[in-house]
Amino acid sequence: MASVDADRSWRRRERASTAGLLSGPVLWLVLFFLGPVLYVAAYSVGGIKIFPTDAGVVSVGDWKRFLVGGSVYLGLFWKSVRISLTVSVIVVLLAYPVGYFLALCVKKRKYVLLLLIIAPFLTSYLLRVLAWEVILGDTGVINSFLTSVHLRSAGHPITWLLYSQFSVVVVLAYVWVPFVALPIFVSLDNLDLSLLEAAGDLGASRLRTFWRVTLPLSLPGVVAAFVFVFVPTIGEFVTPLLVGGPSGYMYGNAIQDLFTRGTDWQTGSVLAMFLLIVVAGLMALFGRYVRVRSVAA
Amino acid sequence: MTRELDRLIARRIGRRDLLRYAGIAAGAGVLAACKQASTAAAPGSGASRVPIAQEPGGLKVYDWAGYGGGEYYPKDEKATWTTPYQDATGDTPTFVLFENDDDGYTKVATGNAPYDVVHPCAYRFKDYVDLGAVQPWDPSLIKNFSQLTPLLEQFGQINGQQYFIPEDWGYIAPMYNADQVQPQEDSWSLLWDERYAKRIAWINTLEMLVIAGYYNGVADPWTMTDDELAAQRDFLISKKDLVSFFWDQSYDFWLKFKRGDVWIGYAWPDAFGYASAQGMNAVYMQPKEGRIHWACGLGLFADSQNYYHAHEYANVWSDVKTAEFLENFYYYGHANTTVDTSKLPPGVVKALNLDNLEAALSPPLSHQESWISRRDVYADYWGQVKAA
């Protein structure tokens, strides 16, 4: 009997302790994530009225207009997907050699080097992005150099370097490479090196070993890296705002404009919810193929 | 503790339960927020009229950058607004800034602007009144009110009451670098002149639709129909590739103009003022379709507990010293027309047509920036221009 009571008491304490541990994160999640998301979802169907111009009638009209009404914003979404895909591929291609070098080539001070790679994170994001204006501008570093070596005549700079999709891709790639090198590094750092030795012992060349052993084993890190870039850059708005110009305008900018430049929050909510749904779907899809532990060890 | 975390990670707590409870809590949060939203825009009917000595003070001014907050000219801004207000009341104002009128209005409309005085421009005045966010001023409490020109006074009158005290005004017009640009005619068409592709800046507001409307001969670009708006949208989309960037802050435009990144732009007078002060060969055009003139003014929040303090602040703003500051530093006009123009930079009198204000603020020279009843529709079309 005493042992049953002790067991019950232990379970009660366990439940209380579990609830205590959970309450903080759950409250945080509810207040700052679930609540706002539900609020935006309700706004997207007219369930909330804030402005005098809001209809205040529950309707999926804005969703229909967006999805099947030939909305220009859907086209903008696909444009943003295209830019994000380009950025993600470039970033992974650039970050992989960095991660490979750190994980498999460097023997000493690899973590010091890793710190150096992520050092740009210690400076302001805004400053890093604005620095590109100085580099890519008509009177910037690149155009000045091209003029000084007579590859361009004075007064005729390359104007598409800045305020274009090109500048958005370049700056986003620059910003994300150090961040993306991390999961790739972790993935490669956890490789069982005896497998590489075994491949060599069995006569595989270094290139063949890379293609048949190293790359497949590091794919979870590569996929995770890809997702790390792709998901946030679809909704990116700061970089296009600063260096995008008219042609570099992205889906995230449209959402920001709808909320801050007008009072059409319902359309803004539709766009925001659509993005959230797509991102959640992508995360679920990738989650099936990426073993989190293999890139977060 | 570690064991508890392990249990959580091992998902011994039902995920469905967790989501259910989280959903209930979130739903309650949304309901609470909805209630708050439905009451946020309610007009403040209980504004007290206690004597100034009994008012709480600590006047909160919701304004543009450069108008007292010390962002551009800290010493001069303080001397123009803060010090005279302090001398008159013993109170010190604090400044909260908005980036643009739409941004400012949005914050007010969502009930997140617990301030005393707001400084929007005329095209937004009626929105503030319709929202019930502001209350009428008593002009008899503003000593300098009599010095304000009647030409601009009507800007702030809605439903027969002085809801806004008109103060600063200016133009919207094309500006270009005459060293690089030779316009074929004085027209807004310079903003889509193919000879200067990628050297052109537009503003990032729906007023581009209005400009296109004037250029394309729409009778009243402030009340365009859907067909007219669609035509301006398609026109602007067809010209968008010529544009280097859309500016949000006039100062950003000026910096890029100064650097030579752009030679032509939709401009406010301050950009022309900066260029003139730097000795640049800039021209502030008088287009054949007419410039647009805007006026901004002070509004008194309906819930303000600083009724008399706010009137003192409006009095400082209506003073000739404020007019001198705006005209000298920003090339903006002011409703107080008692300024001695001989003491102003020569360029400002010409740029603002201060010597014949009545003609300058009337068609065909200039069109008044008006309230747009279908502003959301305009905003949607402008959004389509940018997204295309």
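Of all the helices (runs of 4 or more DSSP H) wholly in segment B:345-388, which have at least 3 residues that are in contact (Cβ under 8 Å) with a residue 60 or more places away in the chain and facing chain A (nearest Cβ under 10 Å)?
Working: elements: B:346-352, B:357-360, B:375-387.
Here the list reads B:375-387.
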- Query: Within segment A:92-135, restricting attention to residues that are more than 30 Å from B:ARG259 (Cβ to Cβ) and of a type in the set (Val, Ile, Thr), which residue is modelled with the highest pLDDT?
  - Reply: A:VAL92
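So which residues in segment A:40-64 are in a helix (DSSP H, G or I) and at the interface with another protein chain (Cβ under 10 Å from one of its Cβ atoms)? It would help to see each step written out before you state the result.
As a first pass, look at segment A:40-64 and keep what is in a helix (DSSP H, G or I): A:40-44, A:61-64.
Correct list: A:VAL40, A:ALA41, A:ALA42, A:TYR43.
Restricting attention to segment B:160-219, which residues are part of a helix (DSSP H, G or I), of a type in the set (A, V, I, L, M, F, W, C) and more than 14 Å from chain A (Cβ to nearest Cβ)?
So the first thing to find is which residues in segment B:160-219 are part of a helix (DSSP H, G or I), and the list is B:188-192, B:194-196, B:207-215.
Right, trim to of a type in the set (A, V, I, L, M, F, W, C) and you get B:188, B:190-192, B:208-212.
B:TRP188, B:LEU190, B:VAL210, B:ILE211, B:ALA212, listed by residue number.
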- Task: Filter segment A:1-23 for residues that are at the interface with chain B (Cβ under 8 Å from one of its Cβ atoms) and charged (D, E, K, R) and give the result.
- Result: A:GLU14
- Item | Conditions (1) more than 14 Å from every other protein chain (Cβ to nearest Cβ); (2) of a type in the set (S, T, N, Q); (3) in contact (Cβ under 8 Å) with a residue 40 or more places away in the chain; (4) surrounded by fewer than 21 Cβ atoms within 10 Å (Cβ to Cβ): number failed by B:GLN135 | (4)
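Away from chain A (no Cβ under 11 Å), crowded, with 20+ Cβ neighbours inside 10 Å and over 18 Å from the mean Cα position of the chain (by Cα): which single residue out of B:LEU141, B:LEU152, B:LEU148 fits that description? Explain how you work it out, then say what you get.
Numbers: B:LEU141 fails: crowded, with 20+ Cβ neighbours inside 10 Å; B:LEU152 fails: over 18 Å from the mean Cα position of the chain (by Cα).
Only one candidate qualifies: B:LEU148.
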- Take the residues in segment B:230-250 that are within 25 Å of the chain's Cα centre (by Cα) and away from every other protein chain (no Cβ under 14 Å), then tell me which one is nearest to A:LEU241 (Cα to Cα). B:SER250
- Pick out the one residue from B:ALA310, B:ALA360 that is in contact with a Leu (Cβ under 6 Å, 6 or more places away or on another chain) and of a type in the set (A, V, I, L, M, F, W, C). B:ALA310
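Going residue by residue through segment B:314-321, is there one that turns out to be more than 14 Å from chain A (Cβ to nearest Cβ) and touching an Asp or Glu at 6+ places or on another chain (Cβ under 7 Å)? Outline the logic, then answer.
Initially, segment B:314-321 is screened for residues more than 14 Å from chain A (Cβ to nearest Cβ), giving B:314-321.
From what's left, touching an Asp or Glu at 6+ places or on another chain (Cβ under 7 Å): B:317-318.
So far as segment B:314-321 goes, yes, one or more of its residues are more than 14 Å from chain A (Cβ to nearest Cβ) and touching an Asp or Glu at 6+ places or on another chain (Cβ under 7 Å).
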- Query: What residue, of A:ILE135, A:ILE90, is away from chain B (no Cβ under 14 Å) and among the β-branched types (Val, Ile, Thr)?
  - Reply: A:ILE90
- Task: May I ask you to list the residues in segment A:192-212 that are more than 20 Å from A:LEU94 (Cα to Cα) and among the hydrophobic types (A, V, I, L, M, F, W, C)?
- Result: A:LEU193, A:LEU195, A:LEU196, A:ALA198, A:ALA199, A:LEU202, A:ALA204
- Message: Going residue by residue through segment B:293-309, is there one that turns out to be surrounded by fewer than 20 Cβ atoms within 10 Å (Cβ to Cβ), in a loop (DSSP other than H, G, I, E, B), of a type in the set (A, V, I, L, M) and in contact with a strand residue (DSSP E or B) (Cβ under 8 Å, 6 or more places away or on another chain)?
- Response: yes
- Task: Specify which of the listed residues (A:VAL175, A:VAL170) is surrounded by 15 or more Cβ atoms within 10 Å (Cβ to Cβ), under 18 Å from A:VAL238 (Cα atoms), free of Cβ contacts under 8 Å to residues at least 40 places away in the same chain and within 24 Å of the chain's Cα centre (by Cα).
- Result: A:VAL170
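From the list A:VAL26, A:VAL37, A:VAL81, which residue is surrounded by fewer than 18 Cβ atoms within 10 Å (Cβ to Cβ), within 10 Å of chain B (Cβ to nearest Cβ) and in contact (Cβ under 8 Å) with a residue 60 or more places away in the chain?
Matching residue, one of A:VAL26, A:VAL37, A:VAL81: A:VAL37.
The values are calculated or read from the model by the stated rules, or taken from the named source; none is laboratory data. Here the structure is a predicted model, which means the values were calculated and not measured. Because the Cβ atoms are built from the backbone with ideal geometry, glycine has one as well, and the counts that use them run over all protein chains shown.
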